[in-house]
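Enquirer: Take this structure, written in C-alpha cells, and hold onto it; I'll ask about it next.
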Amino acid sequence: RGPAWTNSTTRSAGTALTLVNGIYLNNASITNGPAASRGTYVGTIGSNGTSTIDYIFPAVSTNGTAGLFNVWNCYNRVDVAGFVGMSAVQWTYAVANTWRQQNAQTSYNIAILRGLNEDGVSLTLTAQCQPASATNAAIGIGLDSTTAATGRPNYVQSSATQVLPIYSAYDGYPGLGLHQFNALEYNTSTSASTFYGSGGTSYLQTGLGIRFRA
C-alpha cells in the first residue's frame with residue numbers, strides 16, 4: 001500500500017501514477033513495497049477518523065442515512081446504486097434565497113471515492129412541495145457544497161394549495177478523490193414552503209438516488 005494522498009481530492013507525490021502499455025504503475029518507489037514502475041495500481045481506499053474503511057449504503061430513515069463508499073477498484077469496477085431519503089412526513093423552509101441541506105439534515109447525502117476520473121456519475125433528486133404564496137421553491141444537488149446547487153436544479157411556483165413534484169439531476173465527472181453529493185432546497189421568500197418526505201403515506205418517498213461504478 002502506498003502513502004496517503006495530500007488531501008481527499010489530491011494525490012501526493014508518493015501516490016502519483018504512470019501509464020505504461022495501458023497499465024497504471026506507481027511513479028515512485030513505495031516503502032516496503034515495489035520500486036518505481038514495478039507495482040500495478042489496483043485501486044484506492046479511504047479511511048475515517050478511526051482508520052476504518054467505510055462502505056455504507058444510504059437508506060431511508062427519519063433524517064436520512066448517509067451513504068459513504070470509500071473503496072474504488074481500478075480494473076474490476078461494477079455498477080453500484082443507492083438511495084437516501086427521509087421518512088419524516090414533512091417540514092417547512094422559510095429563509096429567503098438561501099440554499100441549505102433539505103430539512104437542515106447533515107446526513108442527507110451520498111459520498112463516493114474515485115481513484116481515476118474515468119466514469120460518469122448520475123444522481124436524481126425528487127421532492128414534493130407546496131410553495132408558499134408568491135414564492136418559488138426549488139431543489140438541487142450540491143457537489144461538495146451545502147450552499148450551492150450543481151447540475152440541473154429545478155423549481156415550482158406558488159400554486160395555492162397544490163402539492164407539486166420537483167425533479168433535479170446531476171450527470172458528470174466530479175473528479176478524483178472523495179466527493180459528497182448533498183440534497184438541497186431553496187425558497188424565494190420568508191413565507192414557509194412545505195416539503196414532504198414520506199407524506200405519512202405508503203405510496204410516497206422522496207430522496208436522492210445515485211448510480212456509479214466502483
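The values are calculated or read from the model by the stated rules, or taken from the named source; none is laboratory data. What you see is a predicted model; the values in this text were computed from it and never measured. Cβ atoms come from the backbone with ideal geometry, glycine included; neighbour counts cover every protein chain shown. Areas reflect the complete protein model, heavy atoms only, side chains present, ligands, DNA and RNA absent. Shrake-Rupley method; radii C 1.70, N 1.55, O 1.52, S 1.80 Å.
Enquirer: Tell me, which strands (runs of 3 or more DSSP E) lie completely within the range 95-199 with 1 or more residues that are touching a helix residue (DSSP H, G or I) at 6+ places or on another chain (Cβ under 7 Å) and at pLDDT 95 or above? Don't jump to the end; show me each part of the working.
Expert: On the way: elements: 109-114, 121-130, 136-143, 150-157, 164-172, 177-187, 193-196.
It comes to 177-187, 193-196.
Enquirer: Then there's this: Do we find that Y170 is open to solvent by 40 Å² or more (accessible area, probe 1.4 Å) and of a type in the set (F, W, Y) in this structure?
Expert: On the way: open to solvent by 40 Å² or more (accessible area, probe 1.4 Å): no; of a type in the set (F, W, Y): yes.
So Y170 fails the test.
Enquirer: OK, next. For R11, which of the numbered conditions (1) closer than 18 Å to C74 by Cα; (2) surrounded by fewer than 14 Cβ atoms within 10 Å (Cβ to Cβ); (3) within 27 Å of the chain's Cα centre (by Cα) fails to hold?
Expert: (2)
Enquirer: Then there's this: Can you tell me how many residues in the range 82-115 are open to solvent by 10 Å² or more (accessible area, probe 1.4 Å), touching a Phe, Trp or Tyr at 6+ places or on another chain (Cβ under 8 Å) and of a type in the set (A, V, I, L, M, F, W, C)?
Expert: 4
Enquirer: Something else: Based on what the data block shows, is T31 open to solvent by less than 30 Å² (accessible area, probe 1.4 Å), more than 26 Å from A149 (Cα to Cα) and among the β-branched types (V, I, T)? So that I can check it myself, show each step before the final result.
Expert: On the way: open to solvent by less than 30 Å² (accessible area, probe 1.4 Å): no; more than 26 Å from A149 (Cα to Cα): yes; among the β-branched types (V, I, T): yes.
Here the answer is no, as T31 does not meet what is asked.
Enquirer: One residue is enough: does the range 23-34 have a residue meeting the conditions out of contact with any strand residue (DSSP E or B) (no Cβ under 6 Å at 6 or more places or on another chain), free of Cβ contacts under 8 Å to residues at least 12 places away in the same chain and assigned to a strand (DSSP E or B)?
Expert: The answer is no, given that none of the residues of the range 23-34 is out of contact with any strand residue (DSSP E or B) (no Cβ under 6 Å at 6 or more places or on another chain), free of Cβ contacts under 8 Å to residues at least 12 places away in the same chain and assigned to a strand (DSSP E or B).
Enquirer: How many residues are farther than 30 Å from I110 by Cα and of a type in the set (K, R) if we restrict to the range 3-60?
Expert: 1
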